[in-house]
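Trainee: I'd like to ask you about the structure that follows.
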Amino acid sequence: MISTNAFNYVNVLDKAADASWRREGLLANNIANVDTPRYKRKDLDFQTLLKQELDYRRYESLDAKVNGADLRELEPMTYTDMAGYSYRMDQNNVDIDTENVELASEQLRYQAVTTSINQEFVRMKTVLT
């Protein structure tokens, strides 16, 4: 992480990329455990954390929100989905179709975030040259 406000967009995108990478791993692990008795799916939610952090500065511009964001608060925690009730006899609550859709969605999100990071550096390079 780069420690200056000039790079806060990159820092926030970096946090988003890390969270997306971690979530892809969790979703792949859920898929691998689809047949494990009593396994409960695991997940993490970065979007809610980011929304909460940006909502603290409700009436400011996006630049001001990002520059004032406390990046230490953007650390998503892994949770076990106990609310996802299982209708299976083995009490496993992983739905393979849902997990596959979520994994594909997360892969697209990761690609979008890394593309955005690259574009930020291209913009910075353009300004410097």
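Trainee: Which order do you get for 129, 78 if you rank them by accessible area with a 1.4 Å probe, largest at the top?
Mentor: 129, 78
Trainee: Helix 96-128 sits at what angle to the longest principal axis of the chain, using alpha carbons and giving 0 to 90 degrees rounded to 10?
Mentor: 10
Trainee: Continuing with the same structure: Evaluate the relative contact order of the chain (contact order divided by residue number), counting alpha-carbon pairs under 8 angstrom at least 6 apart; express in whole percent.
Mentor: Relative CO of the chain lands at 37 percent.
Trainee: GNM, the chain, Cα, under 10 Å: largest mean-square fluctuation among 88, 57, 41?
Mentor: Comparing 88, 57, 41 in a Gaussian network model of the chain, the most mobile one is 88.
Trainee: A further question follows. Could you work out how much longer the chain between residue 78 and residue 54 gets when fully extended? Use 0.36 nm per residue separation minus the Cα distance between them, nm to one decimal.
Mentor: 6.5 nm
Trainee: Still on this model: Kindly express, to the nearest 10 degrees and within the range 0 to 90, the angle between helix 8-32's C-alpha long axis and the longest C-alpha principal axis of the chain.
Mentor: Here the helix axis deviates by roughly 10 degrees.
Trainee: Ignoring ligands, DNA and RNA, please state the percent of accessible area on the chain from carbon and sulfur, probe 1.4 Å.
Mentor: 56
Trainee: Further question on the same structure: Excluding residue 23 itself, calculate the net charge of residues whose Cβ lies under 14 Å from the Cβ of residue 23, where each Lys or Arg counts +1 and each Asp or Glu counts -1.
Mentor: -4
Trainee: I'd like the distance separating the alpha-carbon centroids of segment 35-57 and segment 63-78, in whole Å.
Mentor: Value for the Cα centre distance between the two parts: 15 Å.
Trainee: Local charge sum around residue 41 (other residues, Cβ-Cβ under 9 Å, Lys/Arg +1, Asp/Glu -1)?
Mentor: Around residue 41, the surrounding residues sum to -2.
Trainee: If the reach is capped at under 26 angstrom between alpha carbons, list the lysines near residue 42, excluding any in the same chain fewer than eight residues apart.
Mentor: Within the straight-line limit of under 26 Å, residue 42 reaches these lysines: 15, 51.
Trainee: A further question follows. For the chain, with only Lys/Arg (+1) and Asp/Glu (-1) charged at the beta-carbon, what is the dipole magnitude about the Cα centre, in debye rounded to 20?
Mentor: Here the chain has a charge dipole of around 240 debye.
The values are calculated or read from the model by the stated rules, or taken from the named source; none is laboratory data. Only a predicted model underlies this, so the values are computations on that prediction, with no experimental measurement involved. Every residue, glycine as well, gets a Cβ built from its backbone with ideal geometry; the counts of neighbours run over all protein chains shown. Note: accessible area is taken over every heavy atom of the protein model, side chains too, but ligands, DNA and RNA are not part of it. Shrake-Rupley method; radii C 1.70, N 1.55, O 1.52, S 1.80 Å.
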